[in-house]
Amino acid sequence: MDPGDPTGDPATGERRCTGQDPLLLLQALQTLWSTRERQQLQEEAWRGFAALDDPLAGLLDMLESCRGRRGEGPSLEAWISRQLQCWLQAQPRPSPAQHSLRLKQLQARAIRVLTESPPSLVAPLTSIFQLQDADRSCLLVHVHRLHQEGRFREAVMLGTTLKLQPELDVEKMSVPLLLQDKVALVERYVAGFPDLQRRLLALMDSWCQPGFDIKDVARQYPEVTSLSLEKLSPKVLSRQVLRLQERYGVAPALCPNAAMWQRLAALRHLCHKRFVEKSLSQENWADHVRGLVEQSPWLQEQLSQLLVSHGDPVTAARCAMGLSLPEERLPAAVAVELRQLSLQGRAAEADSRLEVKDVKDRYYQLPIPRENIHLLASWEDLTRYEGALLQPHQVVGVDLEWTPVFVAGGRPRPSLLQVAVEGRVFLLDVLALSQPPTGQGAQAFSRLVAQLLSDPSITKLGYGMVGDLQKLGASCPALAHVEKQILGGVDLLLVHRQMRVTNMPTSGTDRAKGLRGLSLLVQQVLGTALDKTQQLSNWDRRPLCEEQLIYAAADAYCLLEVHQALCREPARFHLSEDLAGSRRPRHTERPGAQKPPGLQKASASAAPRQVPVAAVAEGAAPQVPARAFRVVCDNMLQGLARSLRCLGVDARMLGNGDDHRRAAEVARQEGRIILTSGQPFHKLRAQVGAGRCLSVDCSLKAQQQAKAVLKHFNVRVTYADIFSRCQACNCDQYLKVSRDMMKQLMWLSSHQEGPRSSGDKTTLSQEVQEPGPAPEAAPGGCTYDRPCRWLQAADLRAETPDMLTNGTRLQLAGVPVGVLRTPGLRHFYCCTRCGKVFWDGSHLDRVATHFRDVLESAPSPREPSPAPSPASSPF
């Protein structure tokens, strides 16, 4: 303690307040302030306030003595003012008359102090001296003086604190702060005054007018320093205007210039989509653009310049013609081309030449016929298909479509809800069903959707499902917060974030560039991306065009196929078998954590039965029995088809005159895998997806091709599968004929048709296939199952003994007469579909030798015997 300090007590060493002079109190507080003894400082201040004769006048004395000192950092004067404010609130209230008289005497003095004090003193002094009730003319004078001195921030803060905004010019007060990018302070200034908010928005919108130069405004305020004019460019300022417009609930008509800049940004985005990404069709592009530029000559002129920047004048002229843009708004070069097009009458040709050719073969193709896409637009439609939509224990794909919003403040309104089930897609017209909101259709729609989403036995697949359902709930009040009620949902977006794709073909990797979202997932899993051309189309238009219906159906149905592929081969994508578990972000998975509702296990058992697909890595896919493996071979691979039939594979082949696309139809209808080669591979794979189509090397021989196919698809072939199918027609049903019966049939046939030429032979050391009831011993000590049955008299037509009752004529002419005398040969086998006749020969051992490396448990090849054993049926 300083011995010379008049506030100290020499006897006790403690500080004390004189209680008489406010300046002595200030001096004591300044000393404590420098020592940062805050607790002691507060105690000293409160004791000092109690000792003052007039605390309010004492505060003004202290503040006046500190006039002109505006240092950086916390202010002692502001701290003292806030402490006095708190102290007064804790004291008994004086009589109103006495208090009011004393305030009036001090208010004028407090205002003078306030105008010369830092902003931190405005709030406490206004509260202590109740300046909001003081003479407003006096207050306004001080605000104007602050403004004239260039202290714009202090003037606005004082005006805001004293609620003087209605009596001040909002433009005069706001412009200097806007030039310094102090928009937040201006927002506080007009808060609570709707008329001032509208006037502020009108001012800011006028600065967005085309051709306006903000520098002209800045020159009117030379005292404004630290200008931030780059923040006031029309492009940036228009976003601020539209934000405030939405916040204040002002009608869009008040801000036409900001809205025009917003539409210009939308035009740039649409032109990029159309001419750079080529992801928007000409029809959809023109539909959106026409709605943006109509009634705005300036936007029409901007559009023409955008067209020139994205192409040559001829292209711009064609677009201008399609949009009926005025010629006087076009650049000179474009106007010349437009006149030439008009004179030549080439409008239709121009539109067609402008359209970019879409290569549909590169994209995912909907694998169901068009008649299985159902548009539901009434409660009667919902009632008709309710059973199919709510069938328990099924897997459904759910998606939503809405018209894109290119202007700020607009919210997308759901237009179509797609629900895909196995083999069918239902398109629920949300616009038609939700109007009126209390109508029968809206009630039926909300009830059906709620039942579908809340049924835990139905697995719901989506991609970003929560966001879609939130949009649906915002549009349909009856479905508000429906995303929180979903049970049995699997969000493939979360699965996609955790999966890893390895060993992707180079073409797939190249094509994946630029893809994102669901289209990328479909590319990675099925091998072909989604065609997103219709994504930005006008979904509020009715009727919807055919392309929109197909796109909407594919967007939902692909979820089913992706889910099935992931369930079949989770290891290929580095996922666990529980897709519901892997679809959650990793940071939410912790021991003992409770699963959120709506998440059910999505294992392979939940997926419908599918034809096995190829694994990326050898051994990754489960083994497929040869008799369960079904393929369709392109007409370039007929030899491969016969080799696969030889091994018991159900192999259909196209004829020489069949189009390649026929293979995709057969594959979808019968659940087969396509085997093809060359250029057709890309087209066919796009129609059935990755893993369902294989390109075979045509330079290999048929037997080598067969081995490659079996290895690729991990097909298990046993010795008993050989010759279990007819190589000629792929049939697996045979009739067994004894040698004596065959002699009789051949004799009857020769006498009916005349003697046969000795050269009319068919060397059939080929397949012998049968399905008969009892196992029988074969030479060589082997026993084989034969599900074929013996030929009965009832199987032959009485008038035509070599024709079966099903109309198939037995090819008896292909049996050499000498084979009937072969020792040990006891019976023949007749194909019930084509009538071809087979018998035991040495071909079985030769086939076993050729395919020894792919046969499972194959016995050692036996020496050819006079009567080698026949093959057995696959069934």
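Under the rule of at least 5 residues apart or a separate chain, name every residue whose amide H is placed under 5 Å from the amide H of V717.
Long-range HN contacts for V717: E856.
Ranked highest first by the average count of other Cβ atoms within 10 Å around their residues, in what order do 804-810, 439-445, 76-82, 654-660 fall?
Result, highest mean first: 76-82, 439-445, 804-810, 654-660.
In Å, what is the Rg of the alpha-carbon atoms in region 22-233, and how long is Dmax?
Rg then Dmax for region 22-233, in Å: 20.2, 66.
Most exposed first by the Cβ proxy, i.e. fewest other Cβ within 10 Å, how do T800, T459 rank?
So the ranking, lowest neighbour count to highest, is T800, T459.
Roughly how far apart, in whole Å, are the Cα centres of region 798-854 and region 673-720?
Between the Cα centres of region 798-854 and region 673-720 lies a distance of 29 Å.
Determine, for each peptide in 840-850, 557-567, the mean count of other beta carbons within 10 angstrom over its residues, then list the peptides with the highest first.
The most tightly packed comes first, giving 557-567, 840-850.
Taking only C-alpha pairs under 8 Å that are 6+ residues apart, what is the relative contact order of region 624-713 in percent?
This gives 29 percent for region 624-713.
On a full-extension model of 0.36 nm per residue, what is the gain between D181 and S324, subtracting their alpha-carbon distance, rounded to one decimal in nm?
Contour length minus Cα-Cα distance gives 47.4 nm.
If each of N806 and V405 carries a label point 7 Å out from its Cα toward its Cβ, how far apart are those two points in nm?
Modelled inter-label distance: 6.3 nm.
Would you mind checking K215/K273; K172/K235; K471/K532 for any pair whose Cα atoms are more than 28 angstrom apart?
Pairs exceeding 28 Å: K215/K273.
Take the Cβ-Cβ distance between A794 and S842 as r, set R0 to 41 Å, and report the resulting FRET efficiency rounded to the nearest 0.05.
The formula returns an efficiency of 0.75 here.
Place +1 on the Cβ of every Lys and Arg and -1 on the Cβ of every Asp and Glu in region 22-233, take the dipole about the Cα centre, and give the residue among L60, P119, A155 whose Cα lies farthest towards its positive end.
L60
Ranking request for peptides 281-289, 478-486: highest mean number of other beta-carbon atoms within 10 Å first, then the rest in descending order.
281-289, 478-486
Order these by the 10 Å Cβ neighbour count, fewest first: K163, K707.
Ranked by crowding around the Cβ, least crowded first: K163, K707.
Using a Debye calculation, one point per C-alpha and no hydration shell, please list log10 I(q)/I(0) for region 624-713 at q = 0.11, 0.13 Å⁻¹ in order.
Normalising to I(0) and taking log10 leaves -0.24, -0.34.
Can you tally the net charge around Q705? Count Lys and Arg as +1, Asp and Glu as -1, for every other residue whose Cβ sits under 14 Å from the Cβ of Q705.
+3
What residues qualify as long-range amide H neighbours of S415, i.e. H under 5 Å apart, gap of 5 or more or another chain, H built at 1.01 Å from N?
E401, W402, T403
Read phi for every residue in region 641-655 and hand back ³J(HN,Hα) as whole Hz from Karplus 6.51 cos²θ - 1.76 cosθ + 1.60, θ = phi - 60°, with x for Gly and Pro.
Once θ is set to phi - 60°, the couplings for region 641-655 become 4, 5, 5, 5, 4, 4, 9, x, 7, 6, 10, 8, 10, 6, x Hz.
How high is the relative contact order of region 168-251? Use alpha-carbon pairs under 8 Å, at least six apart in sequence, and give a whole percent.
In percent, rounded to a whole number, it is 37.
Using each residue's phi in region 378-393, evaluate 6.51 cos²θ - 1.76 cosθ + 1.60 at θ = phi - 60° and report the 3J(HN,Hα) Karplus result to the nearest Hz, with x for Gly and Pro.
Once rounded to whole Hz, the list reads 8, 5, 5, 5, 5, 5, 5, 10, 4, x, 5, 6, 10, 5, x, 6.
Amide H of S677 versus every other amide H placed in the peptide plane: which residues, excluding those fewer than 5 positions away on the same chain, fall under 5 Å?
V696
So for region 83-194, averaging the separation of alpha carbon pairs under 8 Å that are six or more residues apart and normalising by length, what relative contact order in percent results?
After rounding, I find 20 percent.
Where Lys and Arg each count +1 and Asp and Glu each count -1, what net charge lies around W379 among other residues with Cβ under 12 Å from its Cβ?
With Lys, Arg at +1 and Asp, Glu at -1, the neighbours total -2.
Roughly what would the spin-label model give for R145 and A628, points 7 Å off Cα along C-beta, in nm?
Here the answer is 9.6 nm between the modelled labels.
Provide, for q = 0.13, 0.14, 0.23, 0.24 Å⁻¹, the log10 of I(q)/I(0) from a solvent-free Debye sum over equal Cα point scatterers in region 514-571.
With one equal scatterer per Cα and no solvent, log10 I(q)/I(0) is -0.38, -0.44, -0.91, -0.96.
Would you mind counting up the charge near D658? Only other residues with Cβ under 12 Å from its Cβ, with Lys and Arg at +1 and Asp and Glu at -1.
Its environment carries a net charge of 0.
Every read-out reported here was derived from the displayed coordinates using simple, explicitly stated rules and does not represent laboratory data. Since the structure is predicted, the reported quantities are computational estimates derived from the model, not experimental observations. We place every Cβ from the backbone using ideal geometry, glycine too, and count neighbours over all the protein chains shown.
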